[in-house]
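Below: one structure, written as structure tokens.
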Amino acid sequence: MEFWTESLTELDAIDFATLDLLPYGIIVVDREGKILYYNAREEQIAGRRKESVIGRNFFTEVAPCTQVRDFYGRFQDAMSRPGWTVNFQFRFPFPNNPREVEIALTSFENKGDRLCLISVNDVTEQKALRERLIRAEHLRELGEVAAGVAHNFGNLLMVIRGNAEVMLEMTEDEALRRRIEKIIKASDDGAKLVQRIRDSARHKPEGTERAEIDLNDVIRDSVAWMEDYIYEARRERRAVIETESDLGSNLPRVRASATEMREVFVNLLRNAVDAIRGEGRITVKSSAEDGRVVVEVSDTGCGMSPDVMAKIFHPLFTTKGERGTGLGLTTCYAIVRRHGGDIRVRSEEGKGTTFTVSLPAAE
């Protein structure tokens, strides 16, 4: 703290209260590069406390890496005469969080000493904010379209369910009856999803009915529903996919919406099918751990890079091009979190992916 007190005395001509309120990082250094002032915004950008850097040399002690030394020549240019400003963009190699920044170096005189004010504008954060605003606008537009689609889709589901019920009464074939019962259950789940879309469009609070359910039953339904999708993958792109279930016995029940949980696992299974080229395997495991029910959905598909993994739960992010909406995993994440659970992913390019869903057991 000695340097901080002395620096305030040296720079008493500067309005420090104003500098601390600026939305930019501000660093003041002397001719040799010793840090005399470090504002609160720069603390946020760099992840360093001012007390740890005041009095130290910016170029040799605080940020001694090669990239920072590269702009030492620009610093010398700015220091060549008072009032001279040098502007440039720079990738600041902060230890925990590298950032794209805009740097402005401005020299000035203070009590006969020549000093330099370094202004740091965090471009990375601005880009992220702009992307969030664009994403929010897309979601608003998507909500308006979804509300209209939900109305028409609800009418279609009524026709599908009605005809399926008639077909069920007309046949005694057990295999055919099981398929028709799948159609009826799917149309019922679809009707509940439509209602959720309507409620979201009207900004109604989430009110999905929950009950104590056996998650293994939901998993079996979800795997059964994927049979046709796996068949289509074989027919369209000659993918040969096997499924394997390893479901724990005597699992505790969870308090959840069966419809929403089926939506989660069907989404994860569809992604697993899409990830497999040629031959592959999808494995679903369930177990009980520390008062929670844990389900793993694994595939031997193409896997994901760290950059993709970091974005997969973001709205509208997709790696499937026009075939994807970018909402499947976002929806899964929202549903699981709404049920007090957690969803995580681990993956390696060329070696497959595993999604792990953890839900609290019912009391």
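The values are calculated or read from the model by the stated rules, or taken from the named source; none is laboratory data. Nothing here was measured: the structure is a model prediction, and the numbers come from that model. As a convention, Cβ positions derive from the backbone with ideal geometry for all residues, glycine included, and neighbour counts pool all protein chains shown. With ligands, DNA and RNA removed, areas are computed over all heavy atoms of the protein, side chains included. Shrake-Rupley method; radii C 1.70, N 1.55, O 1.52, S 1.80 Å.
At a 1.4 Å probe radius, which order do 302, 332 fall into by accessible area, largest first?
So the residues, ranked largest to smallest area, are 302, 332.
Of the GluC sites (Glu not before Pro) in segment 152-183, which ones lie in a loop per DSSP and count no more than 15 other C-beta atoms within 10 Å?
172
Treat every Asp and Glu Cβ in segment 239-363 as -1 and every Lys and Arg Cβ as +1, leave all other atoms uncharged, and give the resulting dipole magnitude about the Cα centre to the nearest 20 debye.
That gives segment 239-363 a dipole magnitude of about 320 debye.
Using 0.36 nm per residue of separation minus the Cα-Cα distance, give me the extension gain between residue 214 and residue 110 in nm, one decimal.
That pair, residue 214 and residue 110, stretches by 30.1 nm at full extension.
At what distance in nm do the modelled label points of residue 156 and residue 176 sit from each other, each positioned 7 Å from its Cα along Cα→Cβ?
2.5 nm
Please compute the per residue accessible area over segment 236-363 with all protein chains in place, 1.4 Å probe, rounded to a whole number of Å².
52 Å²
Given axes a ≥ b ≥ c from the Cα gyration tensor, I'd like to know whether segment 164-304 is rounded (a/c under 1.5), prolate (a/b larger than b/c) or oblate.
Note, shape of segment 164-304 comes out rounded.
Quick one: if you stick a label point 7 Å off each Cα along the C-beta vector at residue 60 and residue 314, how many nm between them?
4.1 nm
Residues of segment 341-363 with amide nitrogen under 18 Å from the 7 Å Cα-to-Cβ point of residue 287?
Label zone hits: 342-347, 353-361.
How do 290, 77, 189 stack up against each other in accessible area, from largest to smallest, with a 1.4 angstrom probe?
290, 77, 189
Hey, can you grab everything whose amide H is under 5 Å from the amide H of residue 361? Only 5+ residues off in sequence or another chain; H modelled, so Pro and N-termini drop out.
292, 293
Taking 29 Å as the cut-off for C-alpha to C-alpha distance, list the pairs among 34/311; 285/311; 192/285; 185/311; 285/320; 182/311 that go past it.
34/311; 185/311; 182/311
Using protein chains only and a probe of 1.4 angstrom, how many square angstrom of residue 158 are accessible, to the nearest 10?
Accessible area of residue 158: about 140 Å².
Based on the Cβ-Cβ distance from residue 253 to residue 21, what FRET efficiency comes out when R0 is 51 Å, to the nearest 0.05?
0.40
For labels at residue 85 and residue 163 in the simple 7 Å Cα→Cβ model, what's the distance in nm?
Using points 7 Å along Cα→Cβ, the separation is 6.9 nm.
Once R0 is set to 35 Å, what does the formula 1/(1 + (r/R0)^6) return for the Cβ-Cβ distance between residue 235 and residue 307, expressed as a FRET efficiency to the nearest 0.05?
E between residue 235 and residue 307, to the nearest 0.05, is 0.60.
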